[in-house]
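Trainee: Following this message is one structure expressed as structure tokens.
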Amino acid sequence: MSKILFIKHINIEGPETLGVFFQEKGLDMQTIELSDGERLPEDLTGIQAVVSLGGPMNVYEEEKYPFLKKEDVFLKQVVSREIPFLGLCLGSQLLAKACGAKVEKSPQKEVGFLPVQLTELGQKDPLFSGINTTIDAFQWHEDMFQIPEGAQLLASSPACPHQAFKVGPYAYGLQFHVEITDKSIRDWSEAYFPKEDDVLKRKKEAMLKDYAQRKGIFDQVANQIYLNFLEMVNKRSEYLIAKMRAIKHMEKGYNFGGKPLKRDELYDR
């Protein structure tokens, strides 16, 4: 059975509303808890899509977090096989690194709700179909990916010029979060903010207030992105099913439209 694979780097940063969305669509899901020592699969057969979630670590902290090196190898295979991929925050940085780009300090650290502007390419990309050119995104990062060679920059902002990119036909990296809930804000604030800092305590409360005010539109945008991503996943699955049928016909010696089938074309992925 085909499944959606979630990669978690820390227990407090999960799929949240994205997981709920896939569950409501009746999709089979598996979550790999890397921080608990769970291993990424060696066989990618049956993996319909991969989502790499956030985390507080830097992509280069491979000695401290050995699973990052293994994920780098895994993501290279995902991109090579053209399996639909969505990287959120850390996940986007890991995608960029796997594709040969550097991850560096962002011009500004971003925490909270901040606008992100779709580029001209982003406005035309199917992932952002039906979405306004300005996205009210939730941010929590201090690093920024560079754009891999041959990739497309899809979104930007003054504080962090590289907010979203696409590599190949199905792999996306979003520096920002669309999956969060108020629980995410509480959990991350408690884990990542120094407890004695009164300014950051007020920052937490301000973010929770912002979330309550924005929740309706924020969730609507997130769900549209989820729908767009799922449509790409389904289209690829349909393509692969049709391809396998064509292979079986070819192996039986069938032709289509009087034109012989070419084995190299059918086995190109």
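The values are calculated or read from the model by the stated rules, or taken from the named source; none is laboratory data. Being a predicted model, the structure only gives us computed values, none of them experimental. Every residue, glycine among them, receives a Cβ derived from its backbone with ideal geometry; neighbour counts consider all protein chains shown.
Trainee: Quick check: is even one residue across region 83-90 buried (at least 18 other Cβ atoms within 10 Å of the Cβ), part of a helix (DSSP H, G or I), touching a residue at least 24 places away in the same chain (Cβ under 8 Å) and small (Gly, Ala, Ser)?
Mentor: No, that holds for no residue.
Trainee: Test of understanding: among Phe138, Phe165, which residue is in a strand (DSSP E or B) and out of contact with any Phe, Trp or Tyr (no Cβ under 6 Å at 6 or more places or on another chain)?
Mentor: Phe165
Trainee: Here's something else I'd like to know. I need the full set of residues from region 104-161 which are aromatic (Phe, Trp, Tyr) and farther than 20 Å from Gly55 by Cβ, in order please.
Mentor: Residues satisfying the conditions are Phe113, Phe128.
Trainee: Any residue in region 25-44 that is part of a loop (DSSP other than H, G, I, E, B) sitting within a Cβ distance under 6 Å of a residue that is among the aromatic types (Phe, Trp, Tyr)? List the pairs, counting only those 6 or more apart or interchain.
Mentor: Leu40/Phe74
Trainee: Got a sec? Which of Ile131, Ile180, Ile147 is touching a residue at least 24 places away in the same chain (Cβ under 8 Å), part of a loop (DSSP other than H, G, I, E, B) and surrounded by 22 or more Cβ atoms within 10 Å (Cβ to Cβ)?
Mentor: Of the residues listed, the single one that is touching a residue at least 24 places away in the same chain (Cβ under 8 Å), part of a loop (DSSP other than H, G, I, E, B) and surrounded by 22 or more Cβ atoms within 10 Å (Cβ to Cβ) is Ile180.
Trainee: Can you confirm whether Glu142 is charged (D, E, K, R), touching a residue at least 12 places away in the same chain (Cβ under 8 Å) and under 20 Å from Gln220 (Cα atoms)?
Mentor: It is false that Glu142 is charged (D, E, K, R), touching a residue at least 12 places away in the same chain (Cβ under 8 Å) and under 20 Å from Gln220 (Cα atoms).
Trainee: Do we find a residue being modelled with pLDDT of 95 or more, farther than 30 Å from Leu240 by Cβ and either of a type in the set (Ser, Thr, Tyr) or in contact with a strand residue (DSSP E or B) (Cβ under 6 Å, 6 or more places away or on another chain) (or both) anywhere in region 81-103? Can you show your working first?
Mentor: Step one: filter region 81-103 for residues modelled with pLDDT of 95 or more, giving 81-103.
Restricting the remaining residues to those that are farther than 30 Å from Leu240 by Cβ gives 102-103.
If we keep only those that are either of a type in the set (Ser, Thr, Tyr) or in contact with a strand residue (DSSP E or B) (Cβ under 6 Å, 6 or more places away or on another chain) (or both) as well, we get 103.
For region 81-103, residues modelled with pLDDT of 95 or more, farther than 30 Å from Leu240 by Cβ and either of a type in the set (Ser, Thr, Tyr) or in contact with a strand residue (DSSP E or B) (Cβ under 6 Å, 6 or more places away or on another chain) (or both): present.
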